[in-house]
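Take a look at the structure set out below.
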Amino acid sequence: MRTMSWTLVSFVLAGSTSLAAVAAAQPPLTADQAVRMALERNSQIIAANAGLVSARGGLYSSYSAVLPNLSASLGRSGTWTKKSTGSSVFLGGVRENPRTDLDSYSTSPSLSGGWSIFRLSSFANLRAAQHALTAARMQQATSRSEVAFATRQQFYLVVQAVKQIGVATEALRVARDSEHLVRAKYEVGSVSRADVLQAQVHTSQAQLDSITAVHSLLVGRDELATLVGVEASKMADVDTSLSFTAHAYDEASLLREAEANRPDLQGARASLKSAQAGLRSANLNRLPYVTLNYGLDYRPRSNFKQTAFDTLNLITGRIGPLDTPLVTSGGSRRDLDYQVSVSLNLDLFTGFQTEAGIADARANLMRAQDAYNVLARNLSAQVHEAWLTYQQALTSEAVAEVSVASAVENLRLNQEKYRVGSATILDLITAESTLASAQSQLVGALAGIRVAEAGIDQARGRAE
């Protein structure tokens with residue numbers, strides 16, 4: 001039994017020592033600082049930021065369908081023909097063509113492009129992309145709200161664990177003192193063996209509570225470090241202040257504020273508008289549309305050189321070689337060539353691609369409508385739940401304060417009775433346990449108030 005007790009104590013001391021080493025030479029970490037760190041490094045925030053970038057890319061893509069496009073090119077081409085021969089029909093007879101070489105070059109700077117100047121589906125798709133970008137912004141704000149609330153909640157759980165260690169450590173010290181006192185009385189025969197066993201049980205329970213408190217703190221710190229995006233070994237100790245100011249929240253005002261400010265509700269509304277515009281765009285793909293195509297060649301030029309090695313006798317129709325090859329060259333230049341065409345288009349059959357797009361858009365609309373309805377329907381219940389949780393936390397804190405005061409007075413009375421012999425050691429141990437339990441409940445109630453405050457802020461759209 002004695003070996004087991006020392007093992008438990010060693011575990012508690014090792015845990016406490018490791019925590020002290022972690023926080024050495026670092027200022028305490030406050031809840032607001034933890035939230036700021038989480039909003040910069042948390043993976044959920046990074047994913048939300050990536051979603052916003054993707055939505056912005058979708059908007060740019062939609063703009064490309066309604067704006068004209070223009071491209072520029074500079075072309076240089078050459079053609080080389082060597083010893084070209086053949087035959088042709090002339091005056092009812094077939095004659096051989098003389099051998100020739102031909103080299104030609106051309107240069108053409110040009111601009112070209114197109115524009116769907118009257119495609120209604122593209123404008124509806126642009127509107128859908130604009131709403132989708134708004135929804136992505138609101139989703140980013142929702143993620144920030146969720147991460148901020150989760151960080152504050154975990155932060156105050158860590159603070160609670162730190163406070164619980166203090167309560168458990170003091171309870172363990174009192175339990176050991178009581179056990180030593182009981183053992184001394186047992187040795188002189190003033191208490192029974194059962195009282196000694198009861199004191200040992202009380203000490204063992206206090207040791208177990210200390211171990212549990214240290215374990216809760218170590219696990220809580222790891223979870224908080226994950227949320228804020230740092231290594232647990234490099235995270236500073238937390239600010240253990242649990243002071244608060246009670247607020248008289250009005251539930252109706254909270255609900256109105258939530259309806260106006262909740263980013264998840266605004267995002268669902270924007271997603272619904274985007275889905276509605278997407279369905280209109282899919283249906284408008286059935287209509288004809290007008291396209292404009294244009295091109296411009298600026299100062300194109302070309303030149304050629306033809307070399308003839310044979311000559312044709314027009315009288316006899318025979319070909320003979322030239323003593324000296326005959327070279328002919330030339331070229332052409334123009335200031336400007338341009339082309340413009342306007343066409344009316346109608347996609348008569350796309351292999352059911354249009355119908356598939358309409359079906360997908362209608363399914364997206366159904367999902368967006370349901371998501372918005374669920375949020376709007378449950379908003380009042382969420383605000384009411386947050387308000388009730390806060391009221392419960394305030395009540396729990398008030399009750400815990402009374403319980404601690406009563407437990408302190410009860411312990412004092414039992415200590416007086418024990419000194420005069422009117423109370424047993426069991427009564428004293430019970431009073432000590434009651435005080436430790438009341439102090440633990442008070443710590444939990446104080447932490448619960450801070451978490452409930454964060455819940456109120458999240459419910460009304462002010463979690464950051």
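The values are calculated or read from the model by the stated rules, or taken from the named source; none is laboratory data. If you're wondering where the values come from, they're calculated on a predicted model, not measured in any experiment. Note that each Cβ is placed from the backbone with ideal geometry, even for glycine, and that neighbours are counted across all protein chains shown. For accessibility, only protein heavy atoms count, side chains too; no ligands or nucleic acids. Shrake-Rupley method; radii C 1.70, N 1.55, O 1.52, S 1.80 Å.
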### Task
With the condition kept exactly as written, say whether any residue in the range 326-337 is more than 58 Å from the chain's Cα centre (by Cα) and surrounded by 13 or more Cβ atoms within 10 Å (Cβ to Cβ).
yes
### Task
For the range 171-224, name all the residues that are β-branched (V, I, T) and more than 44 Å from the chain's Cα centre (by Cα).
V174, V182, V188, V191, V196, V201, T203
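Residue-wise test of (1) among the aliphatic types (A, V, I, L, M); (2) under 22 Å from A452 (Cβ atoms).
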position	(1), (2)
L217	yes, yes
A236	yes, no
L254	yes, yes
A258	yes, yes
A268	yes, no
K273	no, no
G278	no, no
N285	no, no
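Condition check ((1) at pLDDT below 95; (2) of a type in the set (D, E, K, R); (3) open to solvent by 40 Å² or more (accessible area, probe 1.4 Å); (4) assigned to a loop (DSSP other than H, G, I, E, B)) across all residues:
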site	(1), (2), (3), (4)
L197	yes, no, yes, no
H202	yes, no, no, no
L218	yes, no, yes, no
S233	yes, no, yes, no
A236	yes, no, no, yes
H247	yes, no, yes, yes
### Query
Can you tell me which of R280, R286, R256 is among the basic types (K, R) and assigned to a loop (DSSP other than H, G, I, E, B)?
R286
### Task
Just name the residue that is nearest to N285 (Cα to Cα) out of those in the range 343-368 that are assigned to a helix (DSSP H, G or I) and small (G, A, S).
G357
### Query
If we scan the range 327-339, do we find a residue that is modelled with pLDDT of 85 or more and farther than 27 Å from G78 by Cα?
no
### Message
Any residue at all in the range 93-106 that's open to solvent by 80 Å² or more (accessible area, probe 1.4 Å) and part of a helix (DSSP H, G or I)?
### Response
no
### Message
I'm checking my understanding of the structure. Among residues of the range 345-385 that are among the aromatic types (F, W, Y) and open to solvent by 90 Å² or more (accessible area, probe 1.4 Å), which one is modelled with the lowest pLDDT?
### Response
F349
### Message
Given the condition in contact (Cβ under 8 Å) with a residue 40 or more places away in the chain and open to solvent by less than 60 Å² (accessible area, probe 1.4 Å), answer yes or no: does some residue in the range 73-88 qualify?
### Response
no
### Message
Just to verify a result, which residue in the range 123-168, among those that are more than 30 Å from L265 (Cβ to Cβ) and touching a strand residue (DSSP E or B) at 6+ places or on another chain (Cβ under 9 Å), is most open to solvent (accessible area, probe 1.4 Å)?
### Response
V162
### Task
Under 7 Å between Cβ atoms, at least 6 apart or on separate chains: pull out the pairs that start in the range 350-361 with a residue that is aliphatic (A, V, I, L, M) and end on any residue that is at pLDDT 90 or above.
I358/A282; I358/N283; A361/G278; A361/L279; A361/A282
### Query
Is it the case that the range 281-289 has a residue that's touching a residue at least 24 places away in the same chain (Cβ under 8 Å), open to solvent by less than 40 Å² (accessible area, probe 1.4 Å) and touching a Leu at 6+ places or on another chain (Cβ under 7 Å)?
no
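Here's the yes/no breakdown for (1) open to solvent by less than 60 Å² (accessible area, probe 1.4 Å); (2) in contact with a Cys (Cβ under 7 Å, 6 or more places away or on another chain); (3) within 30 Å of G113 (Cα to Cα):
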site: P27; (1), (2), (3): no, no, no
site: D32; (1), (2), (3): no, no, no
site: M37; (1), (2), (3): yes, no, no
site: L59; (1), (2), (3): yes, no, yes
site: A65; (1), (2), (3): yes, no, yes
#### Entry: the range 186-195, subset in a helix (DSSP H, G or I) and without any contact (Cβ under 8 Å) to a residue 60 or more places away in the chain, residue most open to solvent (accessible area, probe 1.4 Å)
E187
### Summary
Scanning the range 207-233 residue by residue, those free of Cβ contacts under 8 Å to residues at least 24 places away in the same chain and either farther than 19 Å from V147 by Cα or of a type outside the set (S, T, N, Q) (or both) turn out to be V219, D222, A225, E231
